[in-house]
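Peer 1: First the structure, then my questions, so here it is.
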Amino acid sequence: MNTRARLLICALTASFTTAVFGQTPTTKKVNLLANPSFEDGQGWWDFSSYHSRGVISVDETETRDGKKSIRIENPSGEDSFLKQTVTVKPKTRYRLTGYIKTQDVVVKGRGATLSLDGGFEHTESITGKKSWTKVTLEFESGAATSIKIGPRLGHHGSMAKGVAWFDDLTLIELGPSRKR
Ligand SMILES: [Ca+2]
């Protein structure tokens, strides 16, 4: 293979990598989440629930975008969290948006949200029976170089019962932190 062909392959590989992983420094509107609409099922996402009673499934009937959504059911009071680890830049602002639908979510505190792991930052909490609702969370990465983020039914000290669907998530970089 000559040098020219090799360079061409390098260039193609670089643009392919950018297209797949979306980490172009000049483009800030790229979705940083892998499998953000759950079209690949649970791929790239890790599920856990505090009492191990939460049930997760891929739903092909209730969808906001594409052909699949994620369904989390807490048969009794539970804190269920589906997380994805995302590499972030420190001291940078990010915005997470997504859609949540609920059925019979009963809770005294936080119901269905998109949450940042390791603290109390989350979107608006959806409870009761609600059709697809857009939720948003803006946050700063602080000193972090990676975060865990995603759909949650329940929270720390806030056990929720019921069913929630999540779909069409987007995480974008907004720019340098305003905090100095
Ligand atoms: Ca979807």
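The values are calculated or read from the model by the stated rules, or taken from the named source; none is laboratory data. Note that this is a predicted model, so its numbers are computed, not measured. Neighbour counts are summed over all protein chains in view; Cβ atoms, including those assigned to glycine, are modelled from backbone coordinates with ideal geometry. Remember, those area values only see protein heavy atoms, side chains included, never the ligands or the DNA or RNA. Shrake-Rupley method; radii C 1.70, N 1.55, O 1.52, S 1.80 Å.
Peer 1: Residue 76: open to solvent by 60 Å² or more (accessible area, probe 1.4 Å) and more than 16 Å from the ligand (Cβ to nearest atom), yes or no? Show your work before the answer.
Peer 2: On the way: open to solvent by 60 Å² or more (accessible area, probe 1.4 Å): no; more than 16 Å from the ligand (Cβ to nearest atom): yes.
No, not satisfied.
Peer 1: With respect to the numbered conditions (1) within 16 Å of the ligand (Cβ to nearest atom); (2) out of contact with any Leu (no Cβ under 7 Å at 6 or more places or on another chain); (3) not in a strand (DSSP E or B), which one is the sole condition not fulfilled by residue 82?
Peer 2: (3)
Peer 1: Does at least one position in region 52-64 carry a residue that is away from the ligand (no atom under 12 Å from the Cβ), closer than 18 Å to residue 97 by Cβ and open to solvent by less than 60 Å² (accessible area, probe 1.4 Å)?
Peer 2: No: region 52-64 contains no residue that is away from the ligand (no atom under 12 Å from the Cβ), closer than 18 Å to residue 97 by Cβ and open to solvent by less than 60 Å² (accessible area, probe 1.4 Å).
Peer 1: What are the pairs, 6+ residues apart or on separate chains, where a residue within region 135-160 that is farther than 25 Å from residue 31 by Cα has its Cβ under 8 Å from a residue that is open to solvent by 50 Å² or more (accessible area, probe 1.4 Å) and of a type in the set (Val, Ile, Thr)?
Peer 2: As it stands, the answer is 160/106; 160/127, since those pairs meet every condition given.
Peer 1: Across region 34-50, what is the number of residues that are in contact (Cβ under 8 Å) with a residue 60 or more places away in the chain and within 10 Å of the ligand (Cβ to nearest atom)?
Peer 2: Residues flagged as in contact (Cβ under 8 Å) with a residue 60 or more places away in the chain and within 10 Å of the ligand (Cβ to nearest atom) within region 34-50 amount to 3.
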